[in-house]
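Since the structure comes first, as structure tokens, the remarks are kept for the end.
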Amino acid sequence: MKLLAFFGLIAAAGSVLGAMFGGGIAASLLPDPGTHGAWYASRSSGVASYLFLWLSLVGGLWMSSAWLDGFISRGRLWAIHQTAGIAGVLLGLGHGLVLIPVPWTHFTIRDVLVPYGSYYKTLWSAFGQMTLYLSAVVSFSFWFRSLIGTKTWKYLHYTAFAAYGAGLWHGLMIGTDARALWLLGLYLSTSLAVVFIIVVRITYRRPVPQRRSVPAARESNAA
């Protein structure tokens, strides 16, 4: 709960600072968006959504591996896993919806929300839509765990890997900045991190505490 409040405070502070400096410092540093402001907003929210969904996946894997026990509590990893997942879904939804009011994109609700319903790069758009829906199912299943049962809930969580892979492929194939070196480096580093943590999750075994043996002399005295 404290971590959720912390993220909320950061978001509020960012909104206030953005409102204060958006017309001053930021405007002098960034290019004039002109009529493409919504396009820039969609691109940035898409990358942010990817990062939050990645953080949610990584947090879940670390939490289940027990590798970080003693460094960070599982409760905190759980909070990161849950909060980042919800943030990623909301940003992903905004990533598409922000383009609908822009006349030159010609996007409709169907283009944004219906898999294979977009006229623009239909297959790769569908990958993004599938990422949104799978991530939403995983993220919001926290509140329905008691209804669907732990076993079903765990199986649902396996779809997080499919959601992450689809989101990564969506960004690589359809993203405006997909060939930019900084973004390729981001995709590569985050993907390698996921592979590394999966290997740790599969191979790591928590050390079993050794039981201290009682010296023979003490045993005889006790007898």
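The values are calculated or read from the model by the stated rules, or taken from the named source; none is laboratory data. All figures in this text were calculated on a predicted structure; none of them were measured in a lab. Glycine also receives a Cβ, built like all others from the backbone with ideal geometry; neighbour counts cover every protein chain displayed.
Let's see how each residue does on (1) farther than 13 Å from ILE174 by Cβ; (2) over 22 Å from the mean Cα position of the chain (by Cα); (3) not charged (D, E, K, R):
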| site | (1), (2), (3) |
| --- | --- |
| VAL102 | yes, yes, yes |
| ARG110 | yes, yes, no |
| PRO115 | yes, no, yes |
| TYR120 | no, yes, yes |
| LEU134 | yes, no, yes |
| PHE144 | yes, no, yes |
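Tell me, please, whether a residue that is part of a helix (DSSP H, G or I) and modelled with pLDDT under 85 can be found in region 117-138. Within region 117-138, not a single residue is part of a helix (DSSP H, G or I) and modelled with pLDDT under 85.
Results for (1) among the aromatic types (Phe, Trp, Tyr); (2) touching a strand residue (DSSP E or B) at 6+ places or on another chain (Cβ under 9 Å); (3) farther than 25 Å from VAL195 by Cα; (4) surrounded by fewer than 20 Cβ atoms within 10 Å (Cβ to Cβ), shown as yes or no for each residue.
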{"position": "LEU97", "(1), (2), (3), (4)": "no, no, yes, yes"}
{"position": "ILE100", "(1), (2), (3), (4)": "no, no, yes, yes"}
{"position": "HIS106", "(1), (2), (3), (4)": "no, no, yes, yes"}
{"position": "TYR120", "(1), (2), (3), (4)": "yes, no, yes, yes"}
{"position": "LEU134", "(1), (2), (3), (4)": "no, no, no, no"}
{"position": "TYR155", "(1), (2), (3), (4)": "yes, no, no, yes"}
{"position": "ALA162", "(1), (2), (3), (4)": "no, no, no, yes"}
{"position": "TRP169", "(1), (2), (3), (4)": "yes, no, no, yes"}
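Here's the yes/no breakdown for (1) of a type outside the set (A, V, I, L, M); (2) over 16 Å from ALA160 (Cβ atoms):
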position: GLY85; (1), (2): yes, no
position: GLY88; (1), (2): yes, no
position: LEU99; (1), (2): no, yes
position: THR105; (1), (2): yes, yes
position: ILE109; (1), (2): no, yes
position: LEU113; (1), (2): no, yes
position: GLY117; (1), (2): yes, yes
position: TYR120; (1), (2): yes, yes
position: THR131; (1), (2): yes, no
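If I filter region 140-154 for residues that are of a type outside the set (Phe, Trp, Tyr) and in a loop (DSSP other than H, G, I, E, B), do I get at least one hit? Please lay out each step first, then the result.
Narrowing region 140-154 to residues of a type outside the set (Phe, Trp, Tyr): 141, 145-152, 154.
Next, only the ones that are in a loop (DSSP other than H, G, I, E, B) stay: 149.
Within region 140-154, one or more residues are of a type outside the set (Phe, Trp, Tyr) and in a loop (DSSP other than H, G, I, E, B).
Scanning region 122-132 for residues that are hydroxyl-bearing (Ser, Thr, Tyr) and either under 13 Å from the mean Cα position of the chain (by Cα) or closer than 16 Å to HIS81 by Cα (or both) turns up just one, THR131.
Entry remark, region 42-57: residues being buried (at least 19 other Cβ atoms within 10 Å of the Cβ) and at pLDDT below 90 number 1 in total.
Scanning for something part of a helix (DSSP H, G or I), polar (S, T, N, Q), farther than 19 Å from LEU90 by Cα and touching a residue at least 12 places away in the same chain (Cβ under 8 Å), does region 179-193 turn up at least one residue? Working first, answer last.
Within region 179-193, the first condition is being part of a helix (DSSP H, G or I), and the residues that meet it are 181-193.
Okay, now just the ones that are also polar (S, T, N, Q), so 189-191.
Still in the running and farther than 19 Å from LEU90 by Cα: 189-191.
Still in the list and also touching a residue at least 12 places away in the same chain (Cβ under 8 Å): 190-191.
Yes - at least one qualifying residue is present in region 179-193.
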